[in-house]
């Protein structure tokens, strides 16, 4: 039991830190995660699948909590008149689309030259700006943590 508490604490600290890194960095470091799971299982003589299940469950719970907090933030913005219900729905749909797009294009982007990647990202950025303008939505609502201070009541 003590061993499980120690391993849970280690996994929580490490996974929590990992989740704070960017999506691209996390994708590039997927192998490191596998290595970490293996090291933890070897060090504490635990089943690797059990350790992986704890990590996966923690990641899933953390992402669900972040999504819930984000939805609460948007709901508060609707209550305060900063967004409409329609805009909130559009933002949630667009954010999911963007996340799915990042996953689907991960390998494609890796195989591009830096110039091609830059052009692709600029094209995506412009499309997102056009979408936001068309829907009268400030882009910072799509990027919590990046420019959200003003929406959270802090001065920009």
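Can you give me the number of residues within segment 44-66 that are touching a helix residue (DSSP H, G or I) at 6+ places or on another chain (Cβ under 9 Å) and either within 30 Å of residue 87 (Cβ to Cβ) or assigned to a helix (DSSP H, G or I) (or both)? Spell out how you get there, then give the answer.
Our first condition is that a residue be touching a helix residue (DSSP H, G or I) at 6+ places or on another chain (Cβ under 9 Å); within segment 44-66, this holds for 44-52, 54-55, 58-59, 62-63, 66.
Those still in the list that are either within 30 Å of residue 87 (Cβ to Cβ) or assigned to a helix (DSSP H, G or I) (or both) too: 48-52, 54-55, 58-59, 62-63, 66.
Count: 12.
If you check residue 15 against the conditions, is it touching a helix residue (DSSP H, G or I) at 6+ places or on another chain (Cβ under 9 Å), outside the structural domain of residue 94 (by TED's automatic domain parsing) and either farther than 23 Å from residue 102 by Cβ or at pLDDT below 55 (or both)? Considered against the rule, which asks whether it is touching a helix residue (DSSP H, G or I) at 6+ places or on another chain (Cβ under 9 Å), outside the structural domain of residue 94 (by TED's automatic domain parsing) and either farther than 23 Å from residue 102 by Cβ or at pLDDT below 55 (or both), residue 15 comes out as yes. Among residues of segment 81-97 being on the phi < 0 side of the Ramachandran plot and assigned to a loop (DSSP other than H, G, I, E, B), the one that is surrounded by the most Cβ atoms within 10 Å (Cβ to Cβ) is 83.
The values are calculated or read from the model by the stated rules, or taken from the named source; none is laboratory data. Just so we're clear, the structure is a prediction, and the values are computed from it rather than from any experiment. Cβ atoms come from the backbone with ideal geometry, glycine included; neighbour counts cover every protein chain shown.
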